[in-house]
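The values are calculated or read from the model by the stated rules, or taken from the named source; none is laboratory data. Just so it is clear, the model here is predicted, and its values are computed rather than measured. So basically every Cβ, Gly included, is an ideal-geometry build from the backbone, and we count neighbours across all protein chains shown.
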Amino acid sequence: MASTVLVTGGAGFIGSSLVRELIRSTEHSIVVLDKLTYAGNLDSLADCIESDRVDFIEGDIGDRDLIENLLLDHRVLKIYNLAAESHVDRSIDGPAAFVETNVVGTFYLLETALNYWRKLSDADQSVFRFLHVSTDEVYGSLGETGHFTEQSQYQPNSPYAASKAASDHFVRAFHHTYKLPVLTTNCSNNYGPFQFPEKLIPLMITKVVNQQSLPVYGDGSNIRDWLHVEDHCRALITVMQSGTPGEVYNIGGNSERTNLEVVQAICDLVDEQLERTESSRELISYVADRPGHDQRYAIDCSKLTDLLDWQPTYEFESGIAATIEWYLSNRTWTQRVTDGSYRGQRLGEEE
């Protein structure tokens with residue numbers, strides 16, 4: 001059934017991909033809210049913003065008056081909350097902003113959504129959903145074996161992970177205390193088009209293209225499960241449409257790779273695309289590890305696949321090849337969204 005949905009953080013990497021997927025696969029009207037900080041950019045919505053189904057509003061999830069008016073004016077019945085500070089390294093350098101947006105902002109959004117939901121008709125209350133998009137980093141670090149499940153204990157190890165864990169707990173509490181119909185997803189590392197070039201994959205693509213040094217933390221053995229952003233967004237829509245209120249759903253890509261393997265794959269594919277004869281692997285250097293760097297993440301998403309019939313469509317090899325092709329074809333986008341304060345340097349170093 002078509003309704004109006006709100007996507008917070010909708011000009012960011014995952015948010016803009018979600019807006020595109022909502023346009024493609026649903027009939028919903030879409031309200032996009034974004035504060036337009038460094039990682040949120042209207043260039044990421046250039047192919048969506050002219051749609052008569054999309055309204056863009058610049059604003060903060062912590063602005064309760066703005067959110068209240070937005071919900072009322074547009075008669076919103078579904079909220080996808082993707083507004084967040086999301087980069088671990090930046091959280092090490094400046095954790096306060098992560099508390100402000102991820103914890104306080106989410107709390108204010110929940111509070112405003114609850115007041116709005118309480119005033120809806122019984123029919124609209126039954127349809128309303130608040131989907132909170134979180135991360136597998138709240139679970140901490142894994143050893144060589146095992147996977148995170150929805151029952152895994154929270155053990156956040158970075159300020160970013162701690163801020164997301166706190167927001168997850170508030171979402172859970174608003175369901176159990178006030179019966180607000182919420183859903184929570186915890187995803188593995190995303191990659192794909194329109195990702196701000198401070199994250200590992202777009203940063204390394206940019207550096208390989210420019211033949212710059214490729215700094216790898218520690219010995220490069222840290223392992224992440226990689227999830228293509230388009231698969232993630234299909235999963236979010238599936239959870240919103242079919243998930244059970246109060247439940248948590250993990251989303252993974254079944255693509256574990258060490259950081260070094262990721263960088264080496266980028267080197268090889270960019271070299272192939274640009275027809276280089278010398279290997280860019282020679283540019284790899286090893287730098288001091290990030291403080292509190294988790295060793296391994298891996299997601300068990302069998303709950304999502306078994307109960308809601310979702311499967312990732314990208315394998316890592318096909319996904320990374322498509323991602324590199326996109327960045328090589330959209331270098332102007334990378335130049336336009338990179339602000340003056342970020343020059344591709346390593347963030348999160350100890351003083």
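Taking region 118-149 as the range and being of a type in the set (Asp, Glu) and either assigned to a strand (DSSP E or B) or surrounded by 19 or more Cβ atoms within 10 Å (Cβ to Cβ) (or both) as the test, the residues that pass are Asp136, Glu137.
Among the candidates Leu18, Leu33, which residue alone is part of a strand (DSSP E or B), under 22 Å from Val239 (Cα atoms) and of a type in the set (A, V, I, L, M, F, W, C)? Before the answer, list the steps.
Details: Leu18 fails: part of a strand (DSSP E or B).
That would be Leu33, the only listed residue that is part of a strand (DSSP E or B), under 22 Å from Val239 (Cα atoms) and of a type in the set (A, V, I, L, M, F, W, C).
Criterion applied to Asn81, Asn69 was being over 20 Å from the mean Cα position of the chain (by Cα) and within 21 Å of Phe107 (Cβ to Cβ), and the one residue passing it is Asn69. Within the bounds of region 292-299, is there any residue that is assigned to a loop (DSSP other than H, G, I, E, B) and out of contact with any strand residue (DSSP E or B) (no Cβ under 8 Å at 6 or more places or on another chain)? Yes: region 292-299 contains one or more residues that are assigned to a loop (DSSP other than H, G, I, E, B) and out of contact with any strand residue (DSSP E or B) (no Cβ under 8 Å at 6 or more places or on another chain). When region 1-15 is filtered for residues that are of a type outside the set (Gly, Ala, Ser) and either closer than 15 Å to Arg234 by Cα or in a strand (DSSP E or B) (or both), the ones remaining, listed by number, are Thr4, Val5, Leu6, Val7, Thr8, Phe13, Ile14. If you check Glu261, Glu256, Glu247, Glu230 for being acidic (Asp, Glu) and within 21 Å of Ser329 (Cα to Cα), only one passes: Glu230.
Taking region 172-219 as the range and being outside any helix (DSSP H, G or I), of a type in the set (S, T, N, Q) and in contact (Cβ under 8 Å) with a residue 12 or more places away in the chain as the test, the residues that pass are Thr184, Thr185, Asn186, Ser188, Asn189, Asn190, Gln195, Gln211, Gln212, Ser213.
Just so you know, in region 248-302 the residues that are hydroxyl-bearing (Ser, Thr, Tyr) and within 28 Å of Thr238 (Cβ to Cβ) include one that is surrounded by the fewest Cβ atoms within 10 Å (Cβ to Cβ), and it is Ser302. Report, by residue number, each residue of region 88-128 that is modelled with pLDDT under 95, out of contact with any Lys or Arg (no Cβ under 9 Å at 6 or more places or on another chain) and not hydrophobic (A, V, I, L, M, F, W, C). Listed by number, the residues that qualify are Arg90, Ser91, Asp93, Gly94, Pro95, Glu100. Contact map, region 51-72: first residue touching a residue at least 24 places away in the same chain (Cβ under 8 Å) and β-branched (Val, Ile, Thr), second residue in a helix (DSSP H, G or I) and crowded, with 18+ Cβ neighbours inside 10 Å, Cβ cut-off under 6 Å, separation 6 or more or different chains; pairs are Ile61/Gly105; Ile61/Leu109; Ile67/Thr112. Among residues of region 73-114 being touching a His at 6+ places or on another chain (Cβ under 8 Å) and not hydroxyl-bearing (Ser, Thr, Tyr), the one that is nearest to Ser3 (Cα to Cα) is Lys78.
The requirement of being more than 23 Å from Glu85 (Cβ to Cβ) and among the aromatic types (Phe, Trp, Tyr) is fulfilled somewhere in region 128-144, by at least one residue.
Pro291 is checked against (1) in contact with a Leu (Cβ under 9 Å, 6 or more places away or on another chain); (2) of a type outside the set (A, V, I, L, M, F, W, C); (3) modelled with pLDDT under 95 and fails just one. What number does that condition carry? Checking Pro291 against (1) in contact with a Leu (Cβ under 9 Å, 6 or more places away or on another chain); (2) of a type outside the set (A, V, I, L, M, F, W, C); (3) modelled with pLDDT under 95, the one that fails is (1).
How about region 127-160: which of its residues are touching a residue at least 12 places away in the same chain (Cβ under 8 Å) and farther than 20 Å from Asn190 by Cβ? Result: Val127, Phe128, Arg129, Phe130, Gly143, Glu144, Gly146, Gln153, Tyr154, Gln155.
Considering only region 43-91, state which residues are buried (at least 16 other Cβ atoms within 10 Å of the Cβ), of a type in the set (Ser, Thr, Tyr) and not in a strand (DSSP E or B). Scanning region 43-91 gives Ser44, Ser86, Ser91.
Between Trp310, Trp326, the distinction of being in a loop (DSSP other than H, G, I, E, B), modelled with pLDDT of 90 or more, more than 16 Å from Val216 (Cα to Cα) and not hydroxyl-bearing (Ser, Thr, Tyr) belongs to Trp310 only. Flag set for Leu131, criterion: within 15 Å of Asn250 (Cα to Cα) and modelled with pLDDT of 95 or more. Pairs meeting the criteria (first residue in region 254-269 and modelled with pLDDT under 95, second residue part of a helix (DSSP H, G or I) and of a type in the set (Val, Ile, Thr), beta carbons under 6 Å, at least 6 apart or on different chains) are lacking. Restricted to region 220-247, and to residues that are among the hydroxyl-bearing types (Ser, Thr, Tyr) and in a helix (DSSP H, G or I), which residue is farthest from the chain's Cα centre (by Cα)? It comes out as Ser242.
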